[in-house]
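Chemist: Structure incoming, see below.
The values are calculated or read from the model by the stated rules, or taken from the named source; none is laboratory data. In this text, all values refer to a predicted model and were calculated from it rather than measured experimentally. As a convention, Cβ positions derive from the backbone with ideal geometry for all residues, glycine included, and neighbour counts pool all protein chains shown.
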Amino acid sequence: MECEDKDIAKAAEWVRGARRIAVLTGAGISAESGLPTFRGPGGLWRSFRPEELATPQAFAADPRLVWEWYDWRRSVHAKVEPNAGHRALADLGRRAGEFSLITQNVDSLHEAAGSRAVVHLHGSLWTLRCTRCGKEEMNRQVPLEPLPPVCECGAMQRPGVVWFGEPLPDKPLAQALAAAQKAEVMLVVGTSSMVYPAAALPKVARDSGAKVIEVNPEETEMTLAAHASVRGKAGEVLPEIMARVTRDGPGK
Ligand code: BJW
Ligand code: ZN
């Protein structure tokens, strides 16, 4: 693995000694499952302009275009499996005292890996929401038929995700803030830390006394503020941290 051994050792020691752990994940954790990230090489925003597709204004202007993009992404997501990074976090969730897994991802790969009570800040690709009555439903049909999909009330549905300029859902945001405030350790995995308010959570955790550990092959907006930054892929670094946590036995 190409990451610094001392950073991994430090991360494992902090994780092992913590009673309350929070994890914030982003698109990078799903990259090794074959899902493109948003901003890196090959990222989704390289081929599509976000303001054309991921805003309420874009949807109002051309719902069919936006729905075609989401329908294509659903077809890609339907074929992928969780990777070693997702599985390591599911393992950590089973072992940790208090554990919160907060994700910006709209995939359900954490759940597929066995994580429970995942806090979804940006919604889900598999949820549809009515543009008139607001009713939400789970829908795994690929491809969607009809497109755009229609609610039982007769109005068009929209993807159940959070677009730029929209507020994050109240309950997940409150859960995420509470978890950040009480965490002793926060792992920040596979996110560029550019999109707010999610990007503020590690800062909240740090200001409340947590050790913040970043896991990312690249430097990010968060790197300088983190107590440890492990340069590497989530699917390699997280299993290595877990191997050391379990090998070295219980902490405090
Ligand atoms: C690996 C790896 C491997 C690779 N292992 N790592 C100025 C102007 C306009 C707006 C704003 C502004 N300043 C702030 C704002 C607000 C705005 C914002 O933050 N904009 C910034 C871009 C500046 N935020 C919002 O609008 C949010 N809402 C809001 O603020 O509401 C306020 C409000 C209150 C009351 C009323 C009304 C409003 C909403 C944000 C919604 C974000 N939505 C998206 C799309 C979701 C749906 C969809 O998927 O289509 O969420 S955008 C996109 O970015 C997606 C992601 O969840 C999010 C974060 O991206 P992420 O996960 O960090 O991915 P990448 O690609 O950026 O990074 C991947 C990382 O992985 C990289 O670092 C790689 O190195 C790494 N990596 N391989 C580990 N193997
Ligand atoms: Zn409806």
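Chemist: What tally of residues in segment 51-74 results from selecting those that are small (G, A, S) and under 19 Å from the mean Cα position of the chain (by Cα)? First the steps, then the outcome.
Modeler: Initially, segment 51-74 is screened for residues small (G, A, S), giving 54, 58, 60-61.
After this cut, where a residue has to be under 19 Å from the mean Cα position of the chain (by Cα) as well, the list is 54.
Adding up the residues that qualify gives 1.
Chemist: Right, another one. Which one is nearest to E52 (Cα to Cα) among residues in segment 156-184 that are surrounded by fewer than 23 Cβ atoms within 10 Å (Cβ to Cβ) and away from ligand 1 (no atom under 16 Å from the Cβ)?
Modeler: Ranking the qualifying residues of segment 156-184, first place goes to M156.
Residue by residue, here is whether (1) exposed (fewer than 13 other Cβ atoms within 10 Å of the Cβ); (2) under 20 Å from A61 (Cα atoms); (3) not β-branched (V, I, T) holds:
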residue	(1), (2), (3)
L121	no, no, yes
W126	no, no, yes
C151	no, yes, yes
G154	yes, yes, yes
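Chemist: Considering segment 10-50 alone, what residues qualify as being among the polar types (S, T, N, Q), surrounded by 18 or more Cβ atoms within 10 Å (Cβ to Cβ) and out of contact with any Ser or Thr (no Cβ under 6 Å at 6 or more places or on another chain)? Don't jump to the end; show me each part of the working.
Modeler: Pass one, segment 10-50, residues among the polar types (S, T, N, Q): 25, 30, 33, 37, 47.
This time we only want the ones that are surrounded by 18 or more Cβ atoms within 10 Å (Cβ to Cβ), so: 25, 30, 33, 37.
Once the filter is applied, which keeps residues that are among the polar types (S, T, N, Q), surrounded by 18 or more Cβ atoms within 10 Å (Cβ to Cβ) and out of contact with any Ser or Thr (no Cβ under 6 Å at 6 or more places or on another chain), segment 10-50 yields S30, S33, T37.
Chemist: Something else about it: For segment 223-233, state whether one or more residues are under 21 Å from A117 (Cα atoms) and either buried (at least 23 other Cβ atoms within 10 Å of the Cβ) or more than 16 Å from ligand 2 (Cβ to nearest atom) (or both).
Modeler: Checked against the condition, which is being under 21 Å from A117 (Cα atoms) and either buried (at least 23 other Cβ atoms within 10 Å of the Cβ) or more than 16 Å from ligand 2 (Cβ to nearest atom) (or both), segment 223-233 yields no hits at all.
Chemist: Looking at T220, is it closer than 16 Å to G40 by Cα, without any contact (Cβ under 8 Å) to a residue 60 or more places away in the chain and crowded, with 16+ Cβ neighbours inside 10 Å?
Modeler: yes
Chemist: What are the pairs, 6+ residues apart or on separate chains, where a residue within segment 9-24 that is without any contact (Cβ under 8 Å) to a residue 24 or more places away in the chain has its Cβ under 6 Å from a residue that is in a helix (DSSP H, G or I)?
Modeler: none
Chemist: List the pairs whose first member sits in segment 143-171 and is in contact (Cβ under 8 Å) with a residue 40 or more places away in the chain, whose second member is within 16 Å of ligand 2 (Cβ to nearest atom) and of a type in the set (V, I, T), and whose Cβ atoms are under 9 Å apart, counting only residues at least 6 apart or on separate chains?
Modeler: From residues that are in contact (Cβ under 8 Å) with a residue 40 or more places away in the chain, the pairs are M156/T131; M156/V150; R158/T131; P159/T127; V161/T127.
Chemist: Within segment 93-110, restricting attention to residues that are under 20 Å from K233 (Cα atoms) and surrounded by fewer than 21 Cβ atoms within 10 Å (Cβ to Cβ), which residue is nearest to the chain's Cα centre (by Cα)?
Modeler: Checking each candidate, the answer is S108.
Chemist: Okay, next question. For a quick check of your reading: which strands (runs of 3 or more DSSP E) sit entirely within segment 68-180 and have at least 1 residues that are over 24 Å from I29 (Cβ atoms), within 16 Å of ligand 2 (Cβ to nearest atom) and of a type in the set (D, E)?
Modeler: Correct list: 136-138.
Chemist: How about segment 28-46: which of its residues are within 25 Å of Q157 (Cα to Cα) and part of a helix (DSSP H, G or I)?
Modeler: The answer is L44, W45.
Chemist: Could you tell me whether segment 52-60 includes any residue that is within 16 Å of ligand 2 (Cβ to nearest atom), touching a residue at least 12 places away in the same chain (Cβ under 8 Å) and surrounded by 14 or more Cβ atoms within 10 Å (Cβ to Cβ)?
Modeler: Within segment 52-60, the subset within 16 Å of ligand 2 (Cβ to nearest atom) is 59.
Going one step further and asking which of them are touching a residue at least 12 places away in the same chain (Cβ under 8 Å), we end up with 59.
With the extra rule that they be surrounded by 14 or more Cβ atoms within 10 Å (Cβ to Cβ), the set shrinks to 59.
Looking through segment 52-60, at least one residue is within 16 Å of ligand 2 (Cβ to nearest atom), touching a residue at least 12 places away in the same chain (Cβ under 8 Å) and surrounded by 14 or more Cβ atoms within 10 Å (Cβ to Cβ).
Chemist: If you go through segment 111-127 one residue at a time, do you hit one that is in the same structural domain as G17 (by TED's automatic domain parsing), among the charged types (D, E, K, R) and at pLDDT 95 or above?
Modeler: Checked segment 111-127: at least one residue is in the same structural domain as G17 (by TED's automatic domain parsing), among the charged types (D, E, K, R) and at pLDDT 95 or above.
Chemist: Now a separate question. State whether one or more residues within segment 165-178 are at positive phi and either in contact with a helix residue (DSSP H, G or I) (Cβ under 8 Å, 6 or more places away or on another chain) or among the polar types (S, T, N, Q) (or both).
Modeler: For segment 165-178, residues at positive phi and either in contact with a helix residue (DSSP H, G or I) (Cβ under 8 Å, 6 or more places away or on another chain) or among the polar types (S, T, N, Q) (or both): present.
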